[in-house]
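The values are calculated or read from the model by the stated rules, or taken from the named source; none is laboratory data. Fair warning: this is a prediction, and the values are worked out from it, not measured in the lab. Cβ sites come from the backbone with ideal geometry, for glycine too, and all protein chains shown count toward neighbours.
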Amino acid sequence: MAELAFFIDPSRCIGCRACVQACEECDTHRGRSMIHLEVIDRGDSVQTTPQVCMHCQDPICARVCPADAIKQTPDGVTQSSLKPRCIGCSNCVLACPFGVPRYEVAIDQMMKCDYCYDRTSVGKRPMCATVCPSQALAFTTREEIERTRRGRIIDRWVFGDEVVETKVMVVVPEDALEVRVDLVQLGKPVERAAPHQTYDVAALLEES
Amino acid sequence: MARLPAPVEELVARFGPHAQRVPAGGWSTRGEPDRVVKTHCCFCGQQCGIQLKVKDEKVVGFEPWEDFPFNRGKLCPKGVKRYLQDASPDRLLAPLERVEGQGFREIGWEAALDRTASEIRRIQAAHGPDAFAILTGASLTNEKAYLMGKFARVAVRTANIDYNGRLCMVSAGAASKKVFGVDRSANPWSDIPRAEAILVAGANIAECAPITTDYLWRARESGARIIVLDPRLTPIARTVDLFIPVRPGGDIGVFNAMLHVMIERGWIDRRFLAEHTTGWEAVEEAVRRYTPEVGARIAGVPASLIVKAAEIWGPARTSFLLHARGIEHHSKGVENCLAALNLVLATGRIGREGCGYAMITGQGNGQGAREQGGKCDQLPGSRDLENPEHRKVIAGVWGVPEESIPHKGLSAVPLIEAIHDGRIKGLLLICFNPLVSLPDQRFVREALERLEHFAVIDFFLSETARHADVVFPGSLMEEDEGTTTSVEGRVIHHRQAVKPPGDARQDWRILCDLAARLGVGGKFPYRSTREIFEELRAASRGGISDYSGITWEKIDAQQGVFWPCPSEDHPGTPRLYEGGRFGHPDGRAHLQSVEWRPAAEETDEEYPIVLTTGRVVAHYLSGTQTRRIGGLVDQTPQPFCEIHPRLAEKLGIRAGDFVRVESRRGALVVPAMITTTIRPDTVFVPYHWPLERAANRCTIRAIDPVSHIPEFKICAVRVARAERPTGPMAELAPEAGGVR
């Protein structure tokens, strides 16, 4: 059987938060979600996107950890910090290009999405991708995604000068080979993207 | 005597709603469950399969049920968190009796049942049998819905029984019955991904039927083009091929003008119309004047969008129509559906793979509950209460004289009006929270305050139950066994996970106990809900919704059985109308011509803005259950008012402000949500909250003349910036009606 893999298809996301609510239910983190739902700009759009850990091939969070508390499993899953080692410095929180790890004050430890390791390591699908009503989060084979979805699968990200390759894949429009995120230079004014006109109902009503 | 027995704050402190965030026994003790029960979510008509984890006789968690074909493990946040109901501190554990000035005190079952039974008798002796009424709900199982109808007609013998499906499915049901002779979605959901063109009319699928999102995307990825009609750019509308931001109430402008264009371009299946339908000539004649420009003026959208819609829908080889409350919650709700169905029939695209339509039922058993006789005008098997043949069949099943079965009674809104004007003096209510869900809340409250006896069966003390004289603690879905009928017409099996806690009793046992006190215990001899199902099967035999060939074993073996299923060797009927055979005696579909007309209350200078109401994904109906589940409360703690930045600017409203939304009937103050995703002439407030946060303080008590559905989607309001609310109601927790 082909290997199951994790895919994010942000265009499908409906912002329902079933993924976040289901993540809370895991017995290992008891009411705390390890993933986030990003609301892009509710004033301008209903667009949302789920953010699970992308499980970088060479995880930046682990590289910057001064206590060597973040470990990667042989099958490429980057785990939450090891409790005895984590010093709560939040280097990982600041360094992660995807904004995934969270420092939990109550337990003085970084926790993050671990690919539902307790489920995926025994052949179950991760909780978030199992419940996701739109299948914006999908845990299936690459062949299945290629067969049933339009768009291209990518696992390569460019943040300024840094190239990151991830275990979790993203479905993007056909013409994209990688995702480029240009860095904002500190101290310079941030150029905001113009609101997407088609999301303004008033503009749709004026169309001739 | 049904005024509040104590201040709201005191009742809330004792009975909630309190948001429960931790499973029964706490997170740390959850561990391995004692058993895992395959059942279904109780929130909404999709009825997703789910597995409930039980430990120490409490539901402590869930596990996706990936083998159930409808949802394959998928769940919305309500499904994920539904298990937490079982840990709620608000759960009613003993019968309650109202004590003036103090609230409620616990009483024994015998005393509670005796009191309500004797009040039923007293009121009926003094004022006639119909002076005692029953309001029931569409979140009950088929067995309980059936029992409610029988209880009203055989035990209480009142004509006045109706249900909260009156707020949900009746416009769609009435239209389907008129056109097809059957009140059921025509197709299983598996037909959606096979359609080339999909029209979603007035359905916020992402929030109200989330699982359907994946079906739409599967269609889309295979090349389908999707059209969405909605005054709000909903999450599903964001990515579709054509979004038409229709003015609330303008849908007929779009439907009739689409048909006009399709006739002009020759996208009509005239052979199908001639062979399988009646009424086309009148429809064709009626839409002649609905040019795209005329339709556009009615719909408040550019004519080009209507032409584009016709160009997507008209020439497609396969197509699917999905409609929901957005076109149904109108004083012309039935007409809106009829106009939409004309688009299906004119193309002949129904009754085959990838071709048809579905009405998206909102309530847990929205489909099944209306078939079993809980409506004021129906008998089991979707039979007509005024049809002598139908009456005779059911009288035979019940073992009562045909003439003893009361005739048609009042539907929900007129029933409340009859309480208000004193014709109805007593009420038994189950599975219904009118003090959140009915329009014109002040009027509803006044009505309830005039009741001489008010009895409620519920598992929590809902806002309405606070007004009761006697409260019977009933059962959650997971505490009983039975069937529901999903949005697809698929009859499914809810398995019991745990027993009712404390002295709470299964709802059906409470009804049987009352029936015994009313002297007809012999007609209610059931020892289990399976026995009720067996009687329901027999009662439905030969009816439109024929369940006679359905057994619980067959449901389990087939993962649900689609009705009609007229014999035990019949596999059920996932797709209706194959071969162009419709449900009317002539075998034809009956097209209905429709002319647009205005809403009951259009905007004017005094009230210049349209208020439209609806749901959010985290809450279910009146919130009696979901406002007690922590994760859902935290997701959407309180209502808000969506308002376009242009309108906000004109009114001097900024992000972070509270706004006062006021109609001729009432007002509410909620936070503003300024967003470009709504029409600038319309504001939206979700309706799940009570008291000063109830959207239904503003809505109008106007109903469709045929379906009697209230016009929740249109009333005229004015909107102004407001100070943050203060006072005891505002200080309540948001789940109880306060503000955060």
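Quick notes on this structure:
- Conditions (1) within 20 Å of the chain's Cα centre (by Cα); (2) surrounded by fewer than 24 Cβ atoms within 10 Å (Cβ to Cβ); (3) of a type in the set (Gly, Ala, Ser); number of the one not met by B:Ala418: (1)
- From the options A:Ala69, A:Ala22, A:Ala18, residue that is in contact (Cβ under 8 Å) with a residue 40 or more places away in the chain, crowded, with 22+ Cβ neighbours inside 10 Å and either acidic (Asp, Glu) or farther than 26 Å from B:Gly630 by Cα (or both): A:Ala69
- Checked against (1) in contact (Cβ under 8 Å) with a residue 12 or more places away in the chain; (2) within 14 Å of chain A (Cβ to nearest Cβ), B:Pro302 passes all but condition (1).
- Sole exception among (1) of a type in the set (Lys, Arg); (2) within 30 Å of B:Arg740 (Cα to Cα); (3) touching a strand residue (DSSP E or B) at 6+ places or on another chain (Cβ under 9 Å) for B:Arg3, by number: (3)
- Qualifying residue in the stretch B:97-116 (condition: of a type outside the set (Gly, Ala, Ser) and in contact with a Phe, Trp or Tyr (Cβ under 7 Å, 6 or more places away or on another chain)): yes
- Complete set of residues in the stretch A:1-59 that are facing chain B (nearest Cβ under 7 Å) and outside any loop (DSSP other than H, G, I, E, B): A:Ser11, A:Arg12, A:Ala18, A:Gln21, A:Ala22, A:Glu24
- Residue in the stretch A:121-137 that is more than 14 Å from chain B (Cβ to nearest Cβ) and of a type outside the set (A, V, I, L, M, F, W, C) present: yes
- Reported count of residues in the stretch B:603-612, each being within 25 Å of the chain's Cα centre (by Cα) and either under 22 Å from B:Ala340 (Cβ atoms) or without any contact (Cβ under 8 Å) to a residue 60 or more places away in the chain (or both), is 2.
- For the stretch B:507-530, a residue qualifies if it is assigned to a loop (DSSP other than H, G, I, E, B) and either closer than 13 Å to B:Asp114 by Cα or acidic (Asp, Glu) (or both), and the qualifying residues are B:Leu518, B:Gly519.
- Number of the exception - B:Met169 against (1) at pLDDT 95 or above; (2) surrounded by 24 or more Cβ atoms within 10 Å (Cβ to Cβ): (1)
- Evaluating B:Cys431 against the criteria (1) in contact with a Ser or Thr (Cβ under 7 Å, 6 or more places away or on another chain); (2) free of Cβ contacts under 8 Å to residues at least 40 places away in the same chain leaves one unmet condition, (2).
- Lone qualifier among B:Gly73, B:Gly101, B:Gly108 - being on the phi > 0 side of the Ramachandran plot and out of contact with any helix residue (DSSP H, G or I) (no Cβ under 9 Å at 6 or more places or on another chain): B:Gly101
- Residues being free of Cβ contacts under 8 Å to residues at least 60 places away in the same chain and either closer than 10 Å to B:Pro33 by Cα or facing chain A (nearest Cβ under 9 Å) (or both) - total across the stretch B:46-62: 6
- Tally, over the stretch A:77-133, of residues that are part of a strand (DSSP E or B) and touching a strand residue (DSSP E or B) at 6+ places or on another chain (Cβ under 7 Å): 6
- Filtering B:Pro686, B:Pro690 for residues that are more than 23 Å from B:Leu229 (Cα to Cα) and more than 11 Å from every other protein chain (Cβ to nearest Cβ) leaves a single hit, B:Pro690.
- Residue match in the stretch B:678-693 (condition: free of Cβ contacts under 8 Å to residues at least 60 places away in the same chain and part of a loop (DSSP other than H, G, I, E, B)): yes
- Taken over the stretch B:673-696, residues that are crowded, with 24+ Cβ neighbours inside 10 Å and among the charged types (D, E, K, R) amount to 2.
- B:Ile416 being among the aliphatic types (A, V, I, L, M) and in contact with a strand residue (DSSP E or B) (Cβ under 7 Å, 6 or more places away or on another chain): no
- Of residues in the stretch B:230-280 being β-branched (Val, Ile, Thr), touching a Phe, Trp or Tyr at 6+ places or on another chain (Cβ under 9 Å) and assigned to a helix (DSSP H, G or I), the one surrounded by the most Cβ atoms within 10 Å (Cβ to Cβ): B:Ile252
- If the condition is being touching a residue at least 40 places away in the same chain (Cβ under 8 Å) and either aromatic (Phe, Trp, Tyr) or assigned to a loop (DSSP other than H, G, I, E, B) (or both), then the stretch B:655-673 contributes B:Asp657, B:Phe658, B:Ser663, B:Arg664, B:Arg665, B:Gly666.
- Residue match in the stretch B:635-651 (condition: within 12 Å of another protein chain (Cβ to nearest Cβ), part of a loop (DSSP other than H, G, I, E, B) and acidic (Asp, Glu)): no
- Criterion: away from chain A (no Cβ under 14 Å), of a type in the set (A, V, I, L, M) and assigned to a helix (DSSP H, G or I) - qualifying residue of B:Ala175, B:Ala206, B:Ala186, B:Ala219: B:Ala175
- Qualifying residues in the stretch A:138-161 (those that are of a type in the set (A, V, I, L, M) and more than 11 Å from chain B (Cβ to nearest Cβ)) - the one farthest from A:Arg102 (Cα to Cα): A:Ile153
- Residue check for B:Arg654: away from chain A (no Cβ under 14 Å) and either touching an Asp or Glu at 6+ places or on another chain (Cβ under 7 Å) or surrounded by fewer than 23 Cβ atoms within 10 Å (Cβ to Cβ) (or both): no
- The stretch B:582-615: number of residues that are out of contact with any Pro (no Cβ under 9 Å at 6 or more places or on another chain), buried (at least 18 other Cβ atoms within 10 Å of the Cβ) and in a loop (DSSP other than H, G, I, E, B): 12
- Test: residue in the stretch B:266-278 that is touching a Ser or Thr at 6+ places or on another chain (Cβ under 6 Å) and either in contact (Cβ under 8 Å) with a residue 60 or more places away in the chain or under 28 Å from B:Pro188 (Cβ atoms) (or both): yes
- Out of B:Ala112, B:Ala87, B:Ala126, sole residue that is surrounded by fewer than 22 Cβ atoms within 10 Å (Cβ to Cβ) and more than 14 Å from every other protein chain (Cβ to nearest Cβ): B:Ala126
- Residues in the stretch B:26-45 that are within 13 Å of chain A (Cβ to nearest Cβ), more than 15 Å from B:Leu476 (Cβ to Cβ) and in contact (Cβ under 8 Å) with a residue 60 or more places away in the chain: 1 in all.
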